[in-house]
1. Among what's in segment 390-419 and is among the basic types (Lys, Arg) and assigned to a loop (DSSP other than H, G, I, E, B), pick the residue that is least open to solvent (accessible area, probe 1.4 Å).
2. Need the failing condition index for VAL394 against (1) touching a strand residue (DSSP E or B) at 6+ places or on another chain (Cβ under 8 Å); (2) over 21 Å from VAL624 (Cα atoms); (3) of a type in the set (Val, Ile, Thr), just the number.
3. Take segment 229-250 and flag every residue that is more than 25 Å from ALA154 (Cβ to Cβ) and part of a helix (DSSP H, G or I).
4. Identify all residues within segment 80-119 that are among the aliphatic types (A, V, I, L, M) and open to solvent by 20 Å² or more (accessible area, probe 1.4 Å); write none if there are none.
5. Just name the residue that is nearest to PHE152 (Cα to Cα) out of those in segment 28-49 that are surrounded by 14 or more Cβ atoms within 10 Å (Cβ to Cβ) and among the hydroxyl-bearing types (Ser, Thr, Tyr).
6. Contact list please: Cβ distance under 7 Å, first residue in segment 673-700 and closer than 22 Å to THR430 by Cβ, second residue acidic (Asp, Glu) and open to solvent by 30 Å² or more (accessible area, probe 1.4 Å), pairs at least six apart or on different chains.
7. Looking at segment 551-571, is at least one residue free of Cβ contacts under 8 Å to residues at least 24 places away in the same chain and closer than 30 Å to THR163 by Cβ?
8. From ALA268, ALA251, ALA231, which residue is over 25 Å from LEU324 (Cβ atoms), aliphatic (A, V, I, L, M) and either free of Cβ contacts under 8 Å to residues at least 60 places away in the same chain or surrounded by fewer than 17 Cβ atoms within 10 Å (Cβ to Cβ) (or both)?
Amino acid sequence: MITTHSLGFPRIGAKRELKFALEKYWRGEKSDTELQQTATALRAQHWKHQSALDWQPVGDFSLYDQMLDMAQTLGCLPDRAKLGEASELDAYFRTARGRSVNDKEGVHAGEMTKWLDTNYHYIVPEFSQQTRFSLNANRLLSQLAEAKAGGFNAKPVLIGPVTFLWLGKSKDDSDRLALLPELLAVYEQLLVELKRAGAEWIQIDEPVLGFELDAEWQHALEQSYNRLAAAKTKLLLATYFSELRENLQLACQLPVQGLHIDAVRGRAEVAQVVDWLPEHKVLSLGVVDGRNIWVNDFEQTLAWLTPIYQRLQSRLWLAPSCSLLHVPVDLRSEPELDEELQQWLCFAVQKVAEIATLAKALTEGEAAVGDLLEANRIAVKARKSSTRVNNPEVQQAVAAISADDSKRQSAYTERAALQIEALGLPRFPTTTIGSFPQTTEIRQARRAFKAGDLAVDDYETAMKQEIARCVEEQEQLGLDVLVHGEAERNDMVEYFGEQLSGYAFTRFAWVQSYGSRCVKPPIIYGDVSRPNAMTVAWTSYAATLSDKPMKGMLTGPVTMLNWSFVRDDLPRADVCRQLALAIRAEVLDLEKAEVNVIQIDEPALREGLPLRRSDWQQYLDWAVEAFGISANGVADATQVHTHMCYSEFNDIMPAIAALDADVITIETSRSDMELLDAFDAFDYPNEIGPGVYDIHSPNVPETQAMVKLMQKAAAKVPAERLWVNPDCGLKTRGWTETKLALANMVAAAETLRKVA
């Protein structure tokens, strides 16, 4: 009586099989046939994981990114990716990474930015007046055939046409919506092809319905689905990550056969959707959180779902709130987690089971799943009452925060004069974002230490040797502000979380960030505090190895929050203030240790923005406050840096300025310094380091190319306030290419000093 389904599943594999296959392929150690064999095996495994549901998604699997997949399906990859006799895979990876396997020279990689308000990155589709679309349905049709051959009920998943245009970028400032008619013709062909291949239902994702849309974009949705109705396919229109609000009636009225809404974030709208949705349509409710890892409270969920089921009966579908891409694969991979915490957690495989359990409880009665409901009730109750969760001292410290705690003592111009005198830096000072290449030896030493196979003294010796090497390399390269290289760190959030109370950690709970890059978000389950100093010893040691300024490297509270799985029993703003106090204590200890340049990275500041602009200010107010609490207890002569990458800044410039960091470093190489337009238009008052080296590509940038980028920057920002640096940290790169690129970067800075 109830249909169950999933909007998407993690594609990396429980053991990161896709990551390792991709990286071997890129290194030339695996053929494309072997890569595709790994992909085929993973898809079959993932469909099997979801076989308890009535429908399994097809097309959610990607070798790199689902938006890039859609661009290839629609025939609109950039021309630069189609060199010579390029195969589809060559063009695909050139767009994603700037080069394919056999390329001797690279091309400009596609711009990358955050997927809505998540930590997943997508490749931004590129449009111009010359953009043309043509159907390439091979990927979807072959995966649909695979699923059917395996006996699975396949539901193809597509990015909707309006969301595709909304999240793309016009390279010549032309109107993206002018492309809609031709785009819809290709979508219509695609729907017909999928129906012909046996697809009964097709999921078409339009998260753009969660944004504040003007009349033109709302009309684009109406135009699109009136046109696509001609294909006579059953469409399930899927929205997620936000309430629909003023778009709710539009979503209910579009000519599709079903509507999926995020009933976790949009719970308050469910009753209205039930009332408004026409009786010939199905309603899919995302009742299990696809973004977080806590068990569902079955008792509470069934209490509000039961009357809806009684009313809708077979018109009710159940699913996770969104694709499960954003959670780890399987909790069973974590036997080392303590038993109490395990019973509170739920990963992708378990979330599929939760959907099946809820459907069975509704259709067959709660007695049919009585044992499961009782175990769930016990787990939920235990979490609420656990003494591990609440720390009165932390709560009192947060309550005692004052407005002065988030402000610097003096204005930037006064601080800058003191910092110039203290640091003695040249014009166009050079630095890096923090991390240096992490070799196999470094990782092996860390693993052995964690496993208890390497003594503390031996581990510290190995890390100090790598730090010394890193400092020596920077000295030889001629960088101006050095870093210790972060050899001891695994992940920029996990490393700090491991040393804070209120955090828990996994071994294999990987989540895709982009391409083959995976992160293992720590879990904030309780109140957060800092028992001991976390970075002071390593940074202080590095400082003894050089007379140049040594930069302390920390992750900021907003990024710690947004890149963790956060408890759902406390407002996120309160959790962020707890994190801010912990980082503040570390900043003050670094300053006491005479570390006078301190970088507090906040790459996740923008991604935490709600989809709706009208909700932004509330978030930005507490996010900026949290950064200020962490950073602003220092003296004026201490220089505070922050770093942000792969974000659009133009619409949050007041908040960026309110951070009041002395120096901000940002990604600009892929966007050809376009991101600096926002800082120019806003007349940003502090110092800026626009990235000139794209560290997500294996290409080594030429000196002159970096000089040209910085000259573009100097046309927008006064030269005396410019720094020269890479886009991001260098941990994923190799030493050979890193040294070549940084040598060119230092040469670029020297050239600029001569000609500026």
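The values are calculated or read from the model by the stated rules, or taken from the named source; none is laboratory data. Predicted model, so just to flag it, every value in this text is computed and none were measured. Please note: Cβ atoms are built from the backbone with ideal geometry, for glycine as well, and neighbour counts cover all protein chains shown. Surface accessibility is based on the protein's heavy atoms, side chains included, excluding ligands, DNA and RNA. Shrake-Rupley method; radii C 1.70, N 1.55, O 1.52, S 1.80 Å.
1. Step one: of segment 390-419, the residues among the basic types (Lys, Arg) are 407-408, 415.
From what is left, the residues that are assigned to a loop (DSSP other than H, G, I, E, B) are 407-408.
Values: LYS407: 120, ARG408: 23 Å².
Here the residue is ARG408.
2. So the condition that VAL394 fails would be (2).
3. If the condition is that a residue be more than 25 Å from ALA154 (Cβ to Cβ) and part of a helix (DSSP H, G or I), then ARG245, GLU246, ASN247, LEU248, GLN249, LEU250 are the ones that fit.
4. To start, the set of residues in segment 80-119 that are among the aliphatic types (A, V, I, L, M) comprises 81, 83, 86, 89, 91, 96, 101, 107, 109, 112, 116.
Those that are among the aliphatic types (A, V, I, L, M) and open to solvent by 20 Å² or more (accessible area, probe 1.4 Å): LEU83, ALA86, LEU89, VAL101, VAL107, LEU116.
5. THR40
6. If the second residue must be acidic (Asp, Glu) and open to solvent by 30 Å² or more (accessible area, probe 1.4 Å), the pairs left are PRO698/GLU737; VAL700/GLU737.
7. First, pick out the residues of segment 551-571 that are free of Cβ contacts under 8 Å to residues at least 24 places away in the same chain: 570-571.
Still in the list and also closer than 30 Å to THR163 by Cβ: 571.
Yes, segment 551-571 contains a residue that is free of Cβ contacts under 8 Å to residues at least 24 places away in the same chain and closer than 30 Å to THR163 by Cβ.
8. On the way: ALA268 fails: over 25 Å from LEU324 (Cβ atoms); ALA251 fails: over 25 Å from LEU324 (Cβ atoms).
Matching residue, one of ALA268, ALA251, ALA231: ALA231.
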